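Everything on this sheet refers to the single structure shown next.
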Amino acid sequence: MTEIAVAPLKAITLKERIVDVIREAIASGKLDPGDRIIELKLAKQLGVGTTAVREALFELERTGFVKRVPNKGTFVTQVTSVDAQHIFRVRRELEGLAAELLTEHVTPPDLERLQQLVDEMKAAAEAARFETFYERDLDFHRALWLLSGNPFLVNVLETLVVPLFAFFIMRTRPDSRAALLLSAERHETLLRSLQAKHRPKQSMEASLDVSSSFWEHPEWQSEAPASGKSATPQDPPSSGPGVSQRDRIQAKRVGKGANIKTGTLPAQGLPE
């Protein structure tokens, strides 16, 4: 019998299926930033148990697509232009520090792992696989944070940066293959600086500065909250001067829970 030269198929769990459904709903606009996701309601829509939905939401929280607010619920990640610019400035300093700390004790296997992630970014760019590219991009930065050896720095960067990656994916159309390849090349350049231990902090800051223009896009400015305030999903606008009809609709959706317009998952063939 002739063998088929293919990689083994990956088993897909029910949790992963639900994650894909929710991410697709976010990417397609069926779920908007700030929308509340109610576990029981979503489980009924998909024809699955609440445990599987809860596990999927934990995974989406880990990757920054949703945020759990104590005593409020789970919401699709929402970042305003003001929030993003504040976060970006802090990220620039802290990730520069992480790069500097990394060079004090990084090992050849560590650098090989970072190179593997860059290579996977290049492969995803060549194939124009947008989400896979940014997943490997985030993996690269997470690996770098861990290699700093400072757990407090890792925790802060996880809290600040992961939602930015997720929100970037939500708010942008898939980049062109050329744009993705350029981004991969910038990561390659950064990695070479880390390998040579040459001005790691400055190299990281220069790499990040290229992406800073996204957070200053004019489209964002109309979303900025009043001075000194930050828009958060747990405090949706509902009335008062300056609240638009769209804000009122959004507040209603947050209060009742957003509805994903999709059928149930097929009962047959689902792995347990």
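The values are calculated or read from the model by the stated rules, or taken from the named source; none is laboratory data. Since the structure is predicted, the reported quantities are computational estimates derived from the model, not experimental observations. Ideal geometry is used to build each Cβ from the backbone, glycine not excepted, and the neighbour counts take in all protein chains shown.
Looking at G64, G73, G47, can you tell me which residue is in contact with a strand residue (DSSP E or B) (Cβ under 9 Å, 6 or more places away or on another chain) and touching a residue at least 12 places away in the same chain (Cβ under 8 Å)?
G73
Apart from one condition, Q45 fits all of (1) surrounded by 16 or more Cβ atoms within 10 Å (Cβ to Cβ); (2) touching a helix residue (DSSP H, G or I) at 6+ places or on another chain (Cβ under 6 Å); the exception is (2). Annotation note: of E93, E24, the sole residue that is acidic (D, E), assigned to a helix (DSSP H, G or I) and in the same structural domain as Y134 (by TED's automatic domain parsing) is E93. Looking at F65, F88, can you tell me which residue is under 30 Å from G29 (Cβ atoms), assigned by TED's automatic domain parsing to the domain that holds I37 and within 17 Å of the chain's Cα centre (by Cα)? Result of the check over F65, F88: F65.
Count of segment 43-84 residues, restricted to those that are among the aliphatic types (A, V, I, L, M) and outside any helix (DSSP H, G or I), is 5. Can you confirm whether L144 is surrounded by 18 or more Cβ atoms within 10 Å (Cβ to Cβ) and among the hydrophobic types (A, V, I, L, M, F, W, C)? Judged against the criteria, L144 is a match. Does T103 satisfy the criteria of being among the polar types (S, T, N, Q), under 28 Å from N150 (Cα atoms), modelled with pLDDT under 95 and in contact with a Pro (Cβ under 9 Å, 6 or more places away or on another chain)? Taking the combined requirement at face value, the residue satisfies it.
Conditions tested, residue by residue: (1) within 18 Å of A166 (Cβ to Cβ); (2) surrounded by fewer than 18 Cβ atoms within 10 Å (Cβ to Cβ); (3) at pLDDT 90 or above; (4) small (G, A, S).
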| residue | (1), (2), (3), (4) |
| --- | --- |
| T50 | no, yes, yes, no |
| V53 | no, no, yes, no |
| L57 | yes, no, yes, no |
| R62 | yes, yes, no, no |
| K72 | no, yes, yes, no |
| V76 | yes, no, yes, no |
| S81 | yes, no, no, yes |
| H86 | yes, yes, no, no |
| R91 | yes, no, yes, no |
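Can we say A224 is more than 16 Å from the chain's Cα centre (by Cα), modelled with pLDDT under 95 and over 20 Å from Y134 (Cβ atoms)? Criteria met by A224. In segment 36-62, which residues are under 16 Å from the mean Cα position of the chain (by Cα) and not aliphatic (A, V, I, L, M)? Listed by number, the residues that qualify are F58, E59, E61, R62.
One residue alone among I38, I18, I12 is at pLDDT below 90, of a type in the set (V, I, T) and either in the same structural domain as V154 (by TED's automatic domain parsing) or farther than 20 Å from R142 by Cβ (or both), and that residue is I12. Going by the conditions given, is V118 more than 21 Å from L60 (Cα to Cα), over 15 Å from the mean Cα position of the chain (by Cα), of a type in the set (V, I, T) and modelled with pLDDT of 95 or more? Considered against the rule, which asks whether it is more than 21 Å from L60 (Cα to Cα), over 15 Å from the mean Cα position of the chain (by Cα), of a type in the set (V, I, T) and modelled with pLDDT of 95 or more, V118 comes out as yes.
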